[in-house]
Amino acid sequence: MLSDIIYNHLVKYYDDTYEDIIILCIGTDRSTGDCLGPLIGYKLSYIPRIYTNVHVLGTLEAPVHAKNLEENIRNIYSSYKNPFVIAIDACLGKLERVGHINVAKGSLKPGSGVNKDLPKVGDIHITGVVNIGGFMEYMVLQNTRLSTVMKMADIISSGFITSFWKLFKQKEKLTTT
């Protein structure tokens with residue numbers, strides 16, 4: 001399950017040297033294929049009310065996209081004390097990979113699927129393969145099925161909800177014993 005993979009990455013890489021967790025949901029609400037990040041941000045926007053050290057950036061109302069990514073990265077590192085950044089973005093891939101979700105250690109390079117030169121970001125990252133790549137990428141993103149993106153957003157946001165519950169329950173047990 002995706003929640004187990006996210007949880008295992010959090011346990012392995014999010015340690016006591018970090019204070020805040022930033023979920024950086026990259027994308028725009030103006031392109032069906034690129035709205036995976038903002039949809040996830042929208043679905044997780046209530047999380048900071050439950051876990052005060054978790055912050056969600058990039059929602060449908062305030063997306064983090066190519067034009068404001070660098071500013072948002074600067075704000076993260078100036079506003080939060082030693083943040084652990086989880087970057088989320090849509091990507092293009094092979095036909096047989098459409099619908100797959102990848103979780104990995106390290107940063108992601110937003111915009112690489114559409115040949116944009118944007119800064120790398122993230123201590124861990126999650127990408128969702130929303131459509132096929134290789135040609136006419138902007139057109140492909142514009143013509144991506146919303147149902148594919150919505151299903152992936154549901155799965156990823158549910159994965160976060162479950163993993164945070166397990167992570168903070170575990171941390172609570174460790175501090176009370």
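The figures follow:
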{"item": "Single residue of F135, F168 found to be part of a helix (DSSP H, G or I) and of a type outside the set (V, I, T)", "result": "F168"}
{"item": "Of all residues making up the range 1-22, the number that are outside any helix (DSSP H, G or I) and open to solvent by less than 10 Å² (accessible area, probe 1.4 Å)", "result": "2"}
{"item": "Residue list for the range 23-32, filter: surrounded by fewer than 24 Cβ atoms within 10 Å (Cβ to Cβ) and touching a residue at least 60 places away in the same chain (Cβ under 8 Å)", "result": "S31, T32"}
{"item": "Pair list, Cβ < 7 Å and 6+ apart or interchain, from the range 155-175 residues that are at pLDDT 85 or above and hydrophobic (A, V, I, L, M, F, W, C) to residues that are loosely packed, with under 15 Cβ neighbours inside 10 Å and not in a helix (DSSP H, G or I)", "result": "F164/Y51; F168/Y51"}
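Rundown of residues vs (1) within 11 Å of the chain's Cα centre (by Cα); (2) under 16 Å from G159 (Cα atoms), yes/no style:
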residue	(1), (2)
H9	no, yes
K12	no, no
E19	no, no
D29	no, no
C35	no, no
I40	yes, yes
Y46	no, yes
T52	no, no
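The values are calculated or read from the model by the stated rules, or taken from the named source; none is laboratory data. It should be emphasised that the depicted structure is a prediction, and the values quoted were computed from it without experimental measurement. Glycine gets a Cβ as well: all are built from the backbone with ideal geometry, and neighbour counts include every protein chain shown. What goes into the accessible areas is simple: the full protein's heavy atoms, side chains included, and nothing from ligands, DNA or RNA. Shrake-Rupley method; radii C 1.70, N 1.55, O 1.52, S 1.80 Å.
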